[in-house]
Structures are given as structure tokens and as C-alpha cells.
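Worksheet: the structure to be examined is printed underneath.
The values are calculated or read from the model by the stated rules, or taken from the named source; none is laboratory data. Note that this is a predicted model, so its numbers are computed, not measured. Because the Cβ atoms are built from the backbone with ideal geometry, glycine has one as well, and the counts that use them run over all protein chains shown. Ligands, DNA and RNA are stripped out before the accessible areas are found, and what is left, the full protein with its side chains, is counted by its heavy atoms. Shrake-Rupley method; radii C 1.70, N 1.55, O 1.52, S 1.80 Å.
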Amino acid sequence: MNRVIHPIEQESFRRLRARLDTSGFPPLTRAVVERVVHSSADLEYAADLVMDEARLERAHAALHRGAPVVADVEMVAAGITRRETVCRLREARSGPGLTRSAHAVRLAYEEVGPGALWVIGCAPTALEELLTLDVSPALVIGLPVGFVGAAESKAALRESGLPAVSNVSEKGGSAVAAAALNALLYHPVSTEETL
């Protein structure tokens, strides 16, 4: 089923591309960069995001084969369109040395197991917890926001060697994390991926 693109979105992307040349990026990287910039109106993301095209290709294929999608908070889940997500924040409880977001990651992992796409846009502690588990993800979109722990948790994600989309700075958030996942959802599936 093809996605119908509203004229406002078409014009927004036209203006984005007039201000930011994304033609040098590989296809999926370009899709993620453009969708994140579109969601934030922040052109600096083009230089701030870190990802690998080959890993995006594998994640894209897994996503379109039905791999589970896990969101750290309901705002991320709400921003992901055309796909059901797992978000266990409502059931999660905080405790000594454990935030609700970190507990929600544990609960979600118990539900989905390995091979999921994880979308973390709010809590650095959720990303930190994810890195302690043996999740074997298809992809981790690690874009938590904040002045305490956000940049550090994203650096730890990059150092982990897991397939990831992250950024270097403290900025991030639910909208940009959801946008990165939506970029992979909206990008066409090639015939090679369906084999």
C-alpha cells in the first residue's frame, strides 16, 4: 500500500532540499537525515547524526519482514505511523538504581526477545539499560535528549558496536527518534529485500 503524501509535506521537503544538499548521502541514510531534519526543522542534524548504510539496509529489511518495534515512551510510539509498537512504560516501576524507563526496556525485551528495532528518544537511562542486555537488535535508534546522560549514552551506543542510528550532541527527542524509524518504514522495499 502506497503512502499518500500531503502537499504540505511535499513542499516542506522541497524547501528542506533547497537549503540542505542531501544528494551525497546513500539512500537510507538520506531518508533518515531528511526525515529527522523535517521533523525538527534543524539542519544541523545532517552533520550530527551517525549511522552506517549497510546496517540500515539490514534493519530496513528486518523491519519490512515484520521485526518488532520497541519504543521507550508513548510519545515515540505515537509518532511511529503505519506500525504497531511495543511500549511497556505504563507497566514499569522504578526502584533503587532503576528508572521506570530502564524497567520498561527490561519488560519489552522479555516480550520481544532478540531481533527487534529499538527506538529510544526520551530517556538516556533506557538506552543505558538496553546496552546492558543481550538484545541482539536489528537496529537501535538511540536519540535521547537532555543535558544529563544523553550524549554519553549515545557515545556508549556507538562504542558498543550494535547497529545504530545516533547523534553526537545532547539534542534528540521523541519526534526525531520516531522520524528516523518512519524514514525506514516509508522507504520503498527493493525486490532484493523481498527474496
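Just a few scattered comments:
- As a length-normalised measure over Cα pairs under 8 Å and 6 or more apart, the relative contact order of the range 96-180 settles at 30 percent.
- Sparsely packed GluC sites (Glu not before Pro) within the range 57-123, loop by DSSP, other Cβ within 10 Å at most 14: Glu84, Glu91
- Label-point separation, Thr132 to Glu44 (7 Å along Cα→Cβ), nm: 3.1 nm
- To put it simply, the accessible area of the range 85-195 at a 1.4 Å probe is 55 percent carbon and sulfur.
- In a DSSP loop and with at most 11 other Cβ atoms within 10 Å, the chymotrypsin sites (Phe, Trp or Tyr not before Pro) in the range 91-180 are Phe147.
- Correct option for Cα extents along the principal axes in Å [calculated from the coordinates] among [x] 51, 35, 29; [y] 74, 67, 38; [z] 50, 40, 29: [z]
- At a probe radius of 1.4 angstrom, the accessible area of the range 1-131 per residue rounds to 54 square angstrom.
- Counting only alpha carbon atoms, the long axis of helix 174-186 and the longest principal axis of the chain meet at about 60°.
- Selection from Ser94, Pro68, His38, by position along the positive dipole direction of the chain (Cβ): His38
- Longest site-free stretch - the chain; sites: trypsin sites (Lys or Arg not before Pro), DSSP loop, at most 13 other Cβ within 10 Å: 94-195
- Relative contact order for the chain, counting Cα pairs under 8 Å that sit 6 or more residues apart, in percent: 24 percent
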